[in-house]
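The values are calculated or read from the model by the stated rules, or taken from the named source; none is laboratory data. Keep in mind the model is a prediction, meaning the values are calculated, not measured. Cβ sites come from the backbone with ideal geometry, for glycine too, and all protein chains shown count toward neighbours.
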Amino acid sequence: MKLLIVEDESKIGDYLRQGLTEAGFVVDLARNGLDGHHLAMTEAYDLLILDVMLPDVDGWRILKSLREAGRNVPVLFLTARDNVDDRVKGLELGADDYLVKPFAFAELLARVRTLLRRGAAPANETTLKVANLELDLMRRRVTRAGHRIQLTAKEFALLELMIRRRGEVLPRSLIASQVWDMNFDSDTNVIDVAIRRLRAKIDEDFEPKLIHTLRGMGYMLDTPDEA
Ligand code: CA
């Protein structure tokens with residue numbers, strides 16, 4: 001899951017980037033509205049976190065451009081002003097949620113996860129399931145045939161990507177950009193190692209095998225009949 005943060009206050013920007021990266025997201029940070037506007041309009045993100053007050057192109061303008069271009073990526077607004085007019089304006093322009101500074105990181109993370117679930121799945125879906133594998137998105141827990149499995153944040157992100165795109169062949173380049181924010185050329189071995197670890201945790205001791213290697217193409221997650 002790839003997020004864009006547009007925030008001119010460097011402390012807040014760095015803090016959000018670090019926290020969200022540790023939570024397993026790939027995060028781009030733009031420190032002004034111009035760069036943020038450019039990235040929002042040219043790159044594909046699963047969610048945007050926009051500061052309202054930016055010195056050049058403000059958060060409203062970025063949101064307006066996105067919606068005018070027909071891009072309905074979820075947008076979470078950050079504002080220092082607890083102002084009803086701001087809130088109304090944001091929602092009218094098509095913001096999905098609103099957070100007033102200062103906020104606790106846990107609150108932001110909860111909102112981000114809610115918006116991502118809403119965007120990617122039915123609103124009440126908090127669990128992803130394939131065969132006897134279950135991902136609890138709220139509690140970040142993984143179970144296979146009822147056994148709890150400990151995954152790192154990156155492994156969880158990798159597994160979530162593979163389940164959400166179940167049945168699709170995922171090239172290493174796509175996995176690298178979605179989960180590690182790396183280019184294909186940098187070190188594809190990282191992907192192979194991560195897949196091997198994930199497979200050892202979720203597939204080795206269980207049936208049916210869910211992670212499949214398609215030689216020369218990439219990886220896919222599916223049940224054997226459908227694979
Ligand atoms: Ca600001």
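Where in the stretch 1-116 are the helices (runs of 4 or more DSSP H), entirely inside, with at least 3 residues that are at pLDDT 90 or above, within 16 Å of the ligand (Cβ to nearest atom) and surrounded by 14 or more Cβ atoms within 10 Å (Cβ to Cβ)?
10-22, 33-42, 59-68
For every residue, the table says whether it meets (1) of a type in the set (A, V, I, L, M); (2) touching a Phe, Trp or Tyr at 6+ places or on another chain (Cβ under 9 Å); (3) farther than 20 Å from Phe25 by Cα.
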{"position": "Gly36", "(1), (2), (3)": "no, no, no"}
{"position": "Ala40", "(1), (2), (3)": "yes, no, no"}
{"position": "Glu43", "(1), (2), (3)": "no, no, no"}
{"position": "Asp51", "(1), (2), (3)": "no, yes, no"}
{"position": "Pro55", "(1), (2), (3)": "no, no, yes"}
{"position": "Lys64", "(1), (2), (3)": "no, no, yes"}
{"position": "Arg71", "(1), (2), (3)": "no, no, yes"}
{"position": "Val75", "(1), (2), (3)": "yes, no, no"}
{"position": "Leu78", "(1), (2), (3)": "yes, yes, no"}
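Under 7 Å by Cβ, and 6 or more places apart or on different chains, what pairs join a residue from the stretch 162-174 that is more than 16 Å from Ala44 (Cα to Cα) with one that is β-branched (Val, Ile, Thr) and surrounded by 15 or more Cβ atoms within 10 Å (Cβ to Cβ)?
Short answer, once both residue conditions are applied: Ile163/Val130; Arg166/Val130; Arg172/Thr188; Arg172/Ile191.
Of the residues in the stretch 64-90, how many are among the aliphatic types (A, V, I, L, M) and within 18 Å of Leu108 (Cβ to Cβ)? Even if it seems obvious, please write down each step before you answer.
Keep residues of the stretch 64-90 that are among the aliphatic types (A, V, I, L, M), which gives 66, 69, 73, 75-76, 78, 80, 84, 88.
This time we only want the ones that are within 18 Å of Leu108 (Cβ to Cβ), so: 73, 75-76, 78, 80.
Looking only at that region, the number is 5.
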